[in-house]
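Step one of this worksheet: look at the structure below.
The values are calculated or read from the model by the stated rules, or taken from the named source; none is laboratory data. In this text, all values refer to a predicted model and were calculated from it rather than measured experimentally. Here Cβ is always computed from backbone atoms with ideal geometry, including for glycine, and neighbour counts include all displayed protein chains.
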Amino acid sequence: MDWIYISKLKEYAGKDVEIRGWLRRKRSSGKIHFLFLRDGTGFVQGIVEKSSVPEEVFNLAKKLKMESSIIVRGTVREEERAPGGVEILVKEIEIIHVPEKEFPINKPDHGIDFLMDHRHLWLRTQRQFHILKARHEIIKAIRDFYNEREFVLVDTPIFTGSIGESAGNLFELDYFDYGKAYLAQTGQLYLEAACMALGKVYNLGPTFRAEKSKTRRHLIEFWMNEAEVAYYQHEDNIRLQEELVSYVVQKTLENAGEHLRALGRDTSKLEKVVAPFPRITYTDAIKLLQKKGFNVSWGDDIGGDEETAIAEEFDKPVIVERYPRKMKAFYMQPDPENPDVVLCDDMLAPEGYGEIIGASERIWQKEVLIQRIKEFDLDVNSYDWYLDLREFGTVPHSGFGMGVERVVAWICGLEHVREAIPFARTLYRIHP
Ligand code: 4AD
Ligand code: MG
(Lines give C-alpha, C1' and ligand atoms only; values in the text may rest on other atoms or scores of the structure.)
(Ligands and ions follow the chains in the order given, each with its own letter.)
Protein backbone atom coordinates (compact mmCIF):
# COMPACT_ATOMS: atom_id res chain seq x y z
CA MET A 1 0.00 0.00 0.00
CA ASP A 2 1.41 3.37 -1.01
CA TRP A 3 1.90 6.21 1.45
CA ILE A 4 -0.35 9.01 0.14
CA TYR A 5 -0.77 12.55 1.50
CA ILE A 6 -4.30 13.57 2.44
CA SER A 7 -4.25 16.47 -0.05
CA LYS A 8 -3.96 13.92 -2.87
CA LEU A 9 -6.52 11.36 -1.64
CA LYS A 10 -9.18 12.32 -4.17
CA GLU A 11 -7.03 10.87 -6.93
CA TYR A 12 -7.13 7.51 -5.15
CA ALA A 13 -10.89 6.99 -4.82
CA GLY A 14 -11.66 3.28 -4.59
CA LYS A 15 -8.01 2.37 -3.88
CA ASP A 16 -6.22 1.24 -0.76
CA VAL A 17 -3.74 3.74 0.70
CA GLU A 18 -1.57 4.38 3.73
CA ILE A 19 -1.75 7.66 5.66
CA ARG A 20 0.99 8.67 8.08
CA GLY A 21 -0.17 11.27 10.52
CA TRP A 22 -1.86 12.08 13.77
CA LEU A 23 -5.24 11.68 15.38
CA ARG A 24 -6.78 15.11 15.75
CA ARG A 25 -9.88 13.86 17.57
CA LYS A 26 -12.13 10.84 17.90
CA ARG A 27 -15.83 10.15 18.16
CA SER A 28 -16.97 6.66 19.10
CA SER A 29 -20.04 4.55 19.59
CA GLY A 30 -20.09 0.88 20.48
CA LYS A 31 -20.01 -0.11 16.81
CA ILE A 32 -17.97 2.57 15.08
CA HIS A 33 -15.01 4.91 15.67
CA PHE A 34 -14.69 8.10 13.67
CA LEU A 35 -11.01 9.06 13.58
CA PHE A 36 -10.37 12.62 12.43
CA LEU A 37 -6.87 12.44 10.99
CA ARG A 38 -4.34 15.02 9.87
CA ASP A 39 -1.00 14.67 8.13
CA GLY A 40 0.18 18.23 7.54
CA THR A 41 -1.41 18.49 4.08
CA GLY A 42 -5.02 18.27 5.21
CA PHE A 43 -7.64 16.55 7.33
CA VAL A 44 -9.71 13.45 6.64
CA GLN A 45 -12.15 11.26 8.52
CA GLY A 46 -11.28 7.60 9.00
CA ILE A 47 -14.09 5.18 9.78
CA VAL A 48 -13.46 2.03 11.81
CA GLU A 49 -16.48 -0.29 11.75
CA LYS A 50 -16.65 -3.10 14.25
CA SER A 51 -18.44 -5.28 11.71
CA SER A 52 -15.77 -4.98 9.02
CA VAL A 53 -12.39 -5.02 10.86
CA PRO A 54 -10.72 -7.67 13.03
CA GLU A 55 -11.40 -7.12 16.72
CA GLU A 56 -7.74 -6.11 17.43
CA VAL A 57 -8.03 -3.20 15.00
CA PHE A 58 -11.27 -2.01 16.58
CA ASN A 59 -9.66 -2.22 20.02
CA LEU A 60 -6.56 -0.32 18.88
CA ALA A 61 -8.81 2.50 17.75
CA LYS A 62 -10.45 2.47 21.18
CA LYS A 63 -7.04 3.14 22.83
CA LEU A 64 -6.24 6.22 20.76
CA LYS A 65 -6.17 9.66 22.34
CA MET A 66 -5.97 13.11 20.77
CA GLU A 67 -2.62 13.66 19.05
CA SER A 68 -1.64 10.01 18.97
CA SER A 69 0.81 9.43 16.12
CA ILE A 70 -0.54 6.70 13.86
CA ILE A 71 -0.28 5.08 10.47
CA VAL A 72 -3.63 4.10 9.03
CA ARG A 73 -4.32 1.86 6.04
CA GLY A 74 -7.66 1.65 4.29
CA THR A 75 -9.83 2.30 1.28
CA VAL A 76 -10.51 5.79 -0.04
CA ARG A 77 -14.24 6.43 -0.49
CA GLU A 78 -15.78 9.46 -2.14
CA GLU A 79 -18.12 11.26 0.21
CA GLU A 80 -19.50 14.60 -0.91
CA ARG A 81 -20.26 15.85 2.59
CA ALA A 82 -16.74 15.16 3.89
CA PRO A 83 -14.07 17.91 3.91
CA GLY A 84 -11.95 17.29 0.81
CA GLY A 85 -14.68 15.09 -0.66
CA VAL A 86 -13.31 11.74 0.63
CA GLU A 87 -13.11 9.55 3.70
CA ILE A 88 -11.16 6.41 4.59
CA LEU A 89 -12.62 3.03 5.45
CA VAL A 90 -9.95 1.91 7.87
CA LYS A 91 -8.58 -1.64 7.63
CA GLU A 92 -5.38 -1.44 9.68
CA ILE A 93 -3.98 0.85 12.36
CA GLU A 94 -0.33 1.04 13.36
CA ILE A 95 0.32 3.01 16.53
CA ILE A 96 3.58 4.96 16.71
CA HIS A 97 2.83 6.68 20.01
CA VAL A 98 -0.09 7.39 22.31
CA PRO A 99 0.41 10.34 24.69
CA GLU A 100 -0.03 9.64 28.38
CA LYS A 101 -1.62 13.02 29.07
CA GLU A 102 -4.74 14.55 27.63
CA PHE A 103 -4.02 17.01 24.82
CA PRO A 104 -4.42 20.43 26.45
CA ILE A 105 -6.25 22.10 23.58
CA ASN A 106 -9.52 20.19 23.65
CA LYS A 107 -12.26 22.75 24.17
CA PRO A 108 -13.75 25.27 21.76
CA ASP A 109 -13.44 28.16 24.23
CA HIS A 110 -9.86 28.36 25.54
CA GLY A 111 -8.73 31.92 26.29
CA ILE A 112 -6.12 33.59 24.14
CA ASP A 113 -3.36 33.51 26.79
CA PHE A 114 -3.81 29.78 27.22
CA LEU A 115 -3.67 29.28 23.45
CA MET A 116 -0.57 31.46 23.07
CA ASP A 117 1.13 29.58 25.95
CA HIS A 118 0.48 26.42 23.93
CA ARG A 119 1.31 27.90 20.55
CA HIS A 120 3.62 24.96 19.76
CA LEU A 121 0.56 22.67 20.00
CA TRP A 122 -2.07 25.17 18.89
CA LEU A 123 -0.42 25.16 15.44
CA ARG A 124 -1.92 21.71 14.87
CA THR A 125 -5.54 22.85 14.88
CA GLN A 126 -7.50 23.33 11.68
CA ARG A 127 -7.80 27.08 11.94
CA GLN A 128 -4.05 27.58 12.37
CA PHE A 129 -3.40 25.15 9.54
CA HIS A 130 -5.51 27.27 7.18
CA ILE A 131 -3.87 30.51 8.33
CA LEU A 132 -0.33 29.19 7.88
CA LYS A 133 -1.18 27.77 4.46
CA ALA A 134 -2.62 31.15 3.45
CA ARG A 135 0.49 32.93 4.78
CA HIS A 136 2.63 30.58 2.70
CA GLU A 137 0.66 31.42 -0.45
CA ILE A 138 0.77 35.16 0.31
CA ILE A 139 4.56 35.12 0.66
CA LYS A 140 4.88 33.05 -2.48
CA ALA A 141 2.72 35.58 -4.36
CA ILE A 142 4.89 38.45 -3.09
CA ARG A 143 8.04 36.76 -4.36
CA ASP A 144 6.42 35.79 -7.69
CA PHE A 145 5.32 39.38 -8.24
CA TYR A 146 8.89 40.69 -8.11
CA ASN A 147 10.48 37.71 -9.82
CA GLU A 148 8.11 38.10 -12.79
CA ARG A 149 9.16 41.75 -13.11
CA GLU A 150 12.96 41.42 -13.14
CA PHE A 151 13.46 42.63 -9.59
CA VAL A 152 16.54 41.20 -7.89
CA LEU A 153 16.26 39.73 -4.40
CA VAL A 154 18.71 41.49 -2.06
CA ASP A 155 18.86 40.13 1.48
CA THR A 156 19.49 43.02 3.83
CA PRO A 157 21.28 42.65 7.18
CA ILE A 158 19.63 42.13 10.55
CA PHE A 159 22.47 43.75 12.54
CA THR A 160 23.01 47.36 11.60
CA GLY A 161 25.05 50.32 12.78
CA SER A 162 22.86 52.93 11.03
CA ILE A 163 19.40 53.67 12.39
CA GLY A 164 17.05 52.94 9.48
CA GLU A 165 13.79 54.50 10.58
CA SER A 166 13.80 56.40 13.89
CA ALA A 167 15.65 56.38 17.18
CA GLY A 168 12.49 55.67 19.17
CA ASN A 169 12.01 51.91 19.19
CA LEU A 170 15.40 50.28 18.65
CA PHE A 171 16.75 47.02 20.02
CA GLU A 172 20.29 47.93 20.97
CA LEU A 173 23.20 45.57 21.52
CA ASP A 174 26.98 45.60 21.91
CA TYR A 175 28.79 44.66 18.76
CA PHE A 176 32.37 43.70 19.71
CA ASP A 177 34.79 46.63 19.36
CA TYR A 178 32.38 48.57 17.18
CA GLY A 179 30.17 49.52 20.09
CA LYS A 180 26.45 50.10 19.73
CA ALA A 181 24.58 48.21 17.04
CA TYR A 182 20.87 47.65 16.45
CA LEU A 183 18.47 45.05 15.15
CA ALA A 184 17.10 46.21 11.80
CA GLN A 185 13.86 48.20 11.86
CA THR A 186 13.97 48.16 8.08
CA GLY A 187 16.33 47.08 5.29
CA GLN A 188 15.56 50.21 3.32
CA LEU A 189 18.92 51.98 3.49
CA TYR A 190 20.65 48.86 2.16
CA LEU A 191 18.07 48.45 -0.60
CA GLU A 192 18.77 52.06 -1.59
CA ALA A 193 22.43 51.12 -2.00
CA ALA A 194 21.52 47.95 -3.91
CA CYS A 195 19.09 49.66 -6.32
CA MET A 196 21.93 51.87 -7.52
CA ALA A 197 23.74 48.66 -8.46
CA LEU A 198 20.83 46.51 -9.67
CA GLY A 199 18.02 48.91 -10.60
CA LYS A 200 14.99 47.14 -9.14
CA VAL A 201 15.42 45.26 -5.87
CA TYR A 202 13.36 43.73 -3.08
CA ASN A 203 13.81 41.96 0.23
CA LEU A 204 11.66 39.89 2.56
CA GLY A 205 12.79 39.32 6.08
CA PRO A 206 12.28 39.90 9.78
CA THR A 207 12.42 43.38 11.27
CA PHE A 208 12.38 44.44 14.90
CA ARG A 209 10.77 47.27 16.80
CA ALA A 210 10.80 47.70 20.55
CA GLU A 211 7.32 49.18 20.40
CA LYS A 212 5.41 49.63 23.60
CA SER A 213 2.20 49.24 21.57
CA LYS A 214 -0.23 46.58 22.61
CA THR A 215 -2.58 46.80 19.67
CA ARG A 216 -3.97 44.15 17.36
CA ARG A 217 -1.69 45.45 14.60
CA HIS A 218 1.69 45.49 16.37
CA LEU A 219 4.35 42.83 16.73
CA ILE A 220 7.85 43.24 18.13
CA GLU A 221 9.30 41.00 15.43
CA PHE A 222 7.47 41.19 12.11
CA TRP A 223 8.24 40.32 8.53
CA MET A 224 8.51 43.06 6.01
CA ASN A 225 8.73 43.04 2.25
CA GLU A 226 10.48 46.09 0.87
CA ALA A 227 11.09 47.24 -2.69
CA GLU A 228 13.33 50.02 -4.00
CA VAL A 229 13.67 51.26 -7.59
CA ALA A 230 16.22 53.67 -9.06
CA TYR A 231 14.67 56.52 -11.09
CA TYR A 232 11.19 55.84 -9.66
CA GLN A 233 9.36 58.85 -8.30
CA HIS A 234 6.28 59.23 -6.11
CA GLU A 235 3.73 58.31 -8.84
CA ASP A 236 5.72 55.30 -10.09
CA ASN A 237 6.05 54.15 -6.51
CA ILE A 238 2.30 54.29 -5.85
CA ARG A 239 1.55 52.40 -9.07
CA LEU A 240 3.96 49.63 -8.06
CA GLN A 241 2.32 49.30 -4.62
CA GLU A 242 -1.16 49.10 -6.17
CA GLU A 243 -0.03 46.42 -8.61
CA LEU A 244 1.68 44.43 -5.86
CA VAL A 245 -1.30 44.45 -3.52
CA SER A 246 -3.81 43.63 -6.29
CA TYR A 247 -1.56 40.80 -7.47
CA VAL A 248 -1.07 39.33 -4.00
CA VAL A 249 -4.78 39.43 -3.13
CA GLN A 250 -5.93 37.95 -6.46
CA LYS A 251 -3.23 35.21 -6.45
CA THR A 252 -4.09 34.31 -2.87
CA LEU A 253 -7.77 34.00 -3.79
CA GLU A 254 -6.71 31.72 -6.64
CA ASN A 255 -4.24 29.57 -4.71
CA ALA A 256 -5.56 29.65 -1.15
CA GLY A 257 -9.28 30.28 -1.69
CA GLU A 258 -10.24 27.05 0.09
CA HIS A 259 -8.22 28.10 3.15
CA LEU A 260 -9.80 31.57 3.22
CA ARG A 261 -13.29 30.09 2.96
CA ALA A 262 -12.47 27.56 5.69
CA LEU A 263 -11.57 30.56 7.87
CA GLY A 264 -14.97 32.06 7.16
CA ARG A 265 -13.51 34.95 5.14
CA ASP A 266 -15.97 36.88 2.98
CA THR A 267 -13.91 36.56 -0.21
CA SER A 268 -16.25 38.81 -2.24
CA LYS A 269 -14.67 41.78 -0.42
CA LEU A 270 -11.21 40.68 -1.60
CA GLU A 271 -12.35 40.22 -5.20
CA LYS A 272 -12.81 44.01 -5.37
CA VAL A 273 -9.14 44.65 -4.58
CA VAL A 274 -8.01 45.55 -8.09
CA ALA A 275 -5.81 48.56 -9.03
CA PRO A 276 -6.12 51.53 -9.19
CA PHE A 277 -6.94 52.37 -5.57
CA PRO A 278 -8.61 55.53 -4.26
CA ARG A 279 -6.34 58.32 -3.04
CA ILE A 280 -6.58 61.09 -0.51
CA THR A 281 -3.97 63.57 0.73
CA TYR A 282 -3.13 63.67 4.42
CA THR A 283 -4.56 67.20 4.49
CA ASP A 284 -7.92 66.03 3.12
CA ALA A 285 -7.84 63.00 5.40
CA ILE A 286 -7.64 65.35 8.41
CA LYS A 287 -10.63 67.32 7.08
CA LEU A 288 -12.53 64.05 6.60
CA LEU A 289 -11.73 63.00 10.16
CA GLN A 290 -12.85 66.34 11.53
CA LYS A 291 -16.13 65.97 9.65
CA LYS A 292 -16.50 62.54 11.22
CA GLY A 293 -16.14 64.04 14.67
CA PHE A 294 -12.49 63.24 15.46
CA ASN A 295 -10.61 65.79 17.51
CA VAL A 296 -7.57 66.08 15.20
CA SER A 297 -5.78 68.92 13.52
CA TRP A 298 -3.18 69.25 10.78
CA GLY A 299 0.15 67.87 12.00
CA ASP A 300 -1.38 65.22 14.28
CA ASP A 301 -0.54 61.58 13.87
CA ILE A 302 -3.19 59.35 12.33
CA GLY A 303 -3.69 56.49 14.80
CA GLY A 304 -5.43 53.14 14.49
CA ASP A 305 -8.99 54.42 15.02
CA GLU A 306 -8.46 57.27 12.60
CA GLU A 307 -7.06 54.89 9.99
CA THR A 308 -10.12 52.70 10.33
CA ALA A 309 -12.42 55.71 9.96
CA ILE A 310 -10.67 56.82 6.75
CA ALA A 311 -10.58 53.31 5.27
CA GLU A 312 -14.32 52.85 6.00
CA GLU A 313 -15.07 55.33 3.23
CA PHE A 314 -13.69 52.97 0.59
CA ASP A 315 -14.10 49.31 -0.36
CA LYS A 316 -10.55 49.02 -1.68
CA PRO A 317 -7.28 49.87 0.06
CA VAL A 318 -6.82 53.65 0.16
CA ILE A 319 -3.60 55.58 -0.45
CA VAL A 320 -3.04 58.47 1.96
CA GLU A 321 -0.28 60.68 0.57
CA ARG A 322 1.84 63.73 1.38
CA TYR A 323 2.08 63.71 5.17
CA PRO A 324 3.68 66.56 7.14
CA ARG A 325 7.44 66.11 7.00
CA LYS A 326 7.76 66.42 10.78
CA MET A 327 5.70 63.24 11.25
CA LYS A 328 7.71 61.04 8.94
CA ALA A 329 11.22 59.60 8.70
CA PHE A 330 14.31 61.66 7.90
CA TYR A 331 14.95 60.32 4.39
CA MET A 332 11.73 61.44 2.67
CA GLN A 333 11.83 63.83 -0.28
CA PRO A 334 10.04 67.15 0.35
CA ASP A 335 7.14 67.95 -1.99
CA PRO A 336 8.48 70.63 -4.38
CA GLU A 337 5.00 72.26 -4.32
CA ASN A 338 4.78 72.40 -0.53
CA PRO A 339 7.92 71.95 1.58
CA ASP A 340 5.84 71.26 4.71
CA VAL A 341 4.85 67.85 3.34
CA VAL A 342 6.86 64.96 1.90
CA LEU A 343 6.36 62.74 -1.15
CA CYS A 344 5.24 59.73 0.79
CA ASP A 345 2.21 57.49 1.11
CA ASP A 346 0.68 54.98 3.47
CA MET A 347 -1.66 52.34 2.13
CA LEU A 348 -4.55 51.58 4.48
CA ALA A 349 -6.34 48.27 4.10
CA PRO A 350 -10.14 48.20 4.23
CA GLU A 351 -12.25 46.64 6.99
CA GLY A 352 -10.24 48.20 9.81
CA TYR A 353 -6.89 46.54 9.13
CA GLY A 354 -5.01 49.84 9.01
CA GLU A 355 -1.64 50.66 7.46
CA ILE A 356 -0.19 47.83 5.42
CA ILE A 357 2.40 49.84 3.45
CA GLY A 358 4.67 52.77 4.29
CA ALA A 359 6.35 54.39 1.27
CA SER A 360 8.21 57.40 -0.04
CA GLU A 361 10.43 59.01 -2.61
CA ARG A 362 13.89 59.39 -1.05
CA ILE A 363 15.98 62.52 -0.68
CA TRP A 364 18.68 62.24 -3.32
CA GLN A 365 20.55 65.53 -2.88
CA LYS A 366 23.40 65.16 -0.38
CA GLU A 367 23.10 68.57 1.30
CA VAL A 368 19.38 68.21 1.91
CA LEU A 369 19.90 64.76 3.37
CA ILE A 370 22.67 65.89 5.75
CA GLN A 371 20.47 68.70 6.98
CA ARG A 372 17.59 66.28 7.63
CA ILE A 373 19.81 63.76 9.46
CA LYS A 374 20.89 66.57 11.78
CA GLU A 375 17.34 67.85 12.22
CA PHE A 376 16.36 64.37 13.42
CA ASP A 377 19.29 64.27 15.91
CA LEU A 378 20.82 61.27 14.20
CA ASP A 379 24.58 60.66 14.07
CA VAL A 380 25.81 61.87 10.66
CA ASN A 381 28.99 59.78 10.98
CA SER A 382 27.10 56.51 10.97
CA TYR A 383 25.55 57.49 7.61
CA ASP A 384 28.84 58.07 5.74
CA TRP A 385 28.16 55.16 3.40
CA TYR A 386 24.52 56.21 2.90
CA LEU A 387 25.67 59.70 1.99
CA ASP A 388 28.10 58.19 -0.56
CA LEU A 389 25.01 57.06 -2.48
CA ARG A 390 24.22 60.78 -2.94
CA GLU A 391 27.81 61.48 -4.04
CA PHE A 392 28.24 58.78 -6.66
CA GLY A 393 25.56 58.43 -9.33
CA THR A 394 22.76 59.87 -7.25
CA VAL A 395 19.30 59.77 -8.83
CA PRO A 396 15.72 60.12 -7.64
CA HIS A 397 14.53 56.79 -6.28
CA SER A 398 11.60 55.46 -4.33
CA GLY A 399 10.43 52.45 -2.41
CA PHE A 400 8.19 51.05 0.27
CA GLY A 401 7.77 48.43 2.95
CA MET A 402 4.77 46.14 3.36
CA GLY A 403 4.04 44.44 6.68
CA VAL A 404 3.52 40.74 5.96
CA GLU A 405 1.49 39.92 9.10
CA ARG A 406 -0.87 42.85 8.58
CA VAL A 407 -1.49 41.67 5.03
CA VAL A 408 -2.03 38.09 6.23
CA ALA A 409 -4.41 39.28 8.97
CA TRP A 410 -6.38 41.33 6.45
CA ILE A 411 -6.59 38.68 3.73
CA CYS A 412 -7.49 35.94 6.24
CA GLY A 413 -9.86 38.22 8.18
CA LEU A 414 -8.06 37.72 11.54
CA GLU A 415 -8.77 39.86 14.54
CA HIS A 416 -5.15 40.15 15.64
CA VAL A 417 -1.74 39.87 13.94
CA ARG A 418 -0.51 37.38 16.55
CA GLU A 419 -2.26 34.57 14.63
CA ALA A 420 -0.70 35.68 11.34
CA ILE A 421 2.84 34.56 12.26
CA PRO A 422 3.89 31.09 13.49
CA PHE A 423 5.41 32.29 16.78
CA ALA A 424 4.40 35.84 17.63
CA ARG A 425 6.70 38.10 19.64
CA THR A 426 4.58 40.68 21.40
CA LEU A 427 5.19 43.09 24.25
CA TYR A 428 4.61 40.43 26.92
CA ARG A 429 5.43 37.25 25.09
CA ILE A 430 8.58 35.51 23.87
CA HIS A 431 7.59 32.00 25.00
CA PRO A 432 7.24 29.53 23.39
O1 4AD B 1 5.85 52.35 7.77
P2 4AD B 1 7.11 51.63 8.15
O3 4AD B 1 7.71 51.96 9.45
O4 4AD B 1 8.11 51.89 6.95
C5 4AD B 1 9.43 51.53 6.93
O6 4AD B 1 10.02 50.86 7.73
C7 4AD B 1 10.12 51.96 5.64
N8 4AD B 1 11.58 52.03 5.88
C9 4AD B 1 9.79 51.00 4.55
C10 4AD B 1 10.40 51.38 3.24
O11 4AD B 1 10.07 52.43 2.71
N12 4AD B 1 11.30 50.57 2.71
O13 4AD B 1 6.83 50.06 8.12
C14 4AD B 1 6.37 49.44 6.94
C15 4AD B 1 5.18 48.54 7.24
C16 4AD B 1 3.98 49.24 7.85
O17 4AD B 1 3.18 49.85 6.87
C18 4AD B 1 3.27 48.09 8.53
O19 4AD B 1 2.50 47.36 7.59
C20 4AD B 1 4.42 47.21 8.97
O21 4AD B 1 5.54 47.56 8.20
N22 4AD B 1 4.72 47.40 10.40
C23 4AD B 1 4.40 46.54 11.38
N24 4AD B 1 3.76 45.37 11.37
C25 4AD B 1 3.59 44.71 12.54
N26 4AD B 1 4.06 45.15 13.70
C27 4AD B 1 4.71 46.34 13.79
N28 4AD B 1 5.18 46.76 14.96
C29 4AD B 1 4.91 47.09 12.59
N30 4AD B 1 5.52 48.25 12.30
C31 4AD B 1 5.38 48.44 10.97
MG1 MG C 1 4.50 53.65 8.63
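Within the range 43-66, the residues that satisfy the criterion of being within 22 Å of Phe103 (Cβ to Cβ) and either in a strand (DSSP E or B) or in contact with a Gly (Cβ under 6 Å, 6 or more places away or on another chain) (or both) are Phe43, Val44, Gln45, Gly46, Ile47, Val48.
For the range 357-372, give me each residue that is among the aliphatic types (A, V, I, L, M) and over 31 Å from the mean Cα position of the chain (by Cα). Spell out the reasoning first.
Within the range 357-372, the subset among the aliphatic types (A, V, I, L, M) is 357, 359, 363, 368-370.
Within the range 357-372, Val368, Leu369, Ile370 meet the criteria.
Looking across the range 79-108 at every residue that is modelled with pLDDT under 95 and not assigned by TED's automatic domain parsing to the domain that holds Phe58, the one that is nearest to the chain's Cα centre (by Cα) is identified as Pro108.
When Tyr202, Tyr232 are checked against the criterion of being crowded, with 18+ Cβ neighbours inside 10 Å, modelled with pLDDT of 95 or more and closer than 27 Å to Arg418 by Cα, a single residue qualifies: Tyr202. Going through (1) more than 16 Å from ligand 2 (Cβ to nearest atom); (2) crowded, with 21+ Cβ neighbours inside 10 Å one by one, Gln371 falls short only on (2). May I ask you to verify whether Ile370 is touching a Leu at 6+ places or on another chain (Cβ under 8 Å), aliphatic (A, V, I, L, M) and farther than 19 Å from Gln185 by Cβ? So Ile370 passes the test. For the structure I just gave you, tell me whether Gly168 is out of contact with any His (no Cβ under 6 Å at 6 or more places or on another chain), on the phi > 0 side of the Ramachandran plot and surrounded by fewer than 22 Cβ atoms within 10 Å (Cβ to Cβ). Criteria not met by Gly168. For the subset of the range 144-163 comprising residues that are surrounded by fewer than 20 Cβ atoms within 10 Å (Cβ to Cβ) and closer than 16 Å to Tyr383 by Cα, which member is nearest to the chain's Cα centre (by Cα)? The qualifying residue nearest to the chain's Cα centre (by Cα) is Pro157.
Looking at Thr207, Thr215, can you tell me which residue is under 19 Å from the mean Cα position of the chain (by Cα), within 16 Å of ligand 2 (Cβ to nearest atom), surrounded by 17 or more Cβ atoms within 10 Å (Cβ to Cβ) and more than 25 Å from His259 (Cβ to Cβ)?
Details: Thr215 fails: surrounded by 17 or more Cβ atoms within 10 Å (Cβ to Cβ).
Only one candidate passes the filter, namely Thr207.
Remark: Tyr182 falls outside the filter, which requires a residue to be under 15 Å from Gly401 (Cβ atoms), outside any loop (DSSP other than H, G, I, E, B) and in the same structural domain as Ile373 (by TED's automatic domain parsing). Taking first residues from the range 350-370 that are in the same structural domain as Val407 (by TED's automatic domain parsing) and closer than 15 Å to Val380 by Cβ and partners that are among the basic types (Lys, Arg) and more than 15 Å from ligand 2 (Cβ to nearest atom), the Cβ contacts under 6 Å between residues at least 6 apart in sequence or on separate chains come to Lys366/Arg390; Leu369/Arg390. Residues in the range 346-364 that are more than 10 Å from ligand 2 (Cβ to nearest atom), surrounded by fewer than 24 Cβ atoms within 10 Å (Cβ to Cβ) and of a type in the set (D, E, K, R): Glu351 only. You will find that of Val57, Val17, Val53, the residue that is in contact with a helix residue (DSSP H, G or I) (Cβ under 9 Å, 6 or more places away or on another chain) and without any contact (Cβ under 8 Å) to a residue 60 or more places away in the chain is Val53 and no other. Per the listing Val320, Val380, Val341, the residue uniquely in contact with a Lys or Arg (Cβ under 7 Å, 6 or more places away or on another chain), under 21 Å from Lys287 (Cβ atoms), in the same structural domain as Asp284 (by TED's automatic domain parsing) and of a type in the set (A, V, I, L, M) is Val341.
Exactly one residue out of Glu243, Glu192, Glu211 is within 28 Å of Asp315 (Cβ to Cβ) and assigned by TED's automatic domain parsing to the domain that holds Pro317: that is Glu243.
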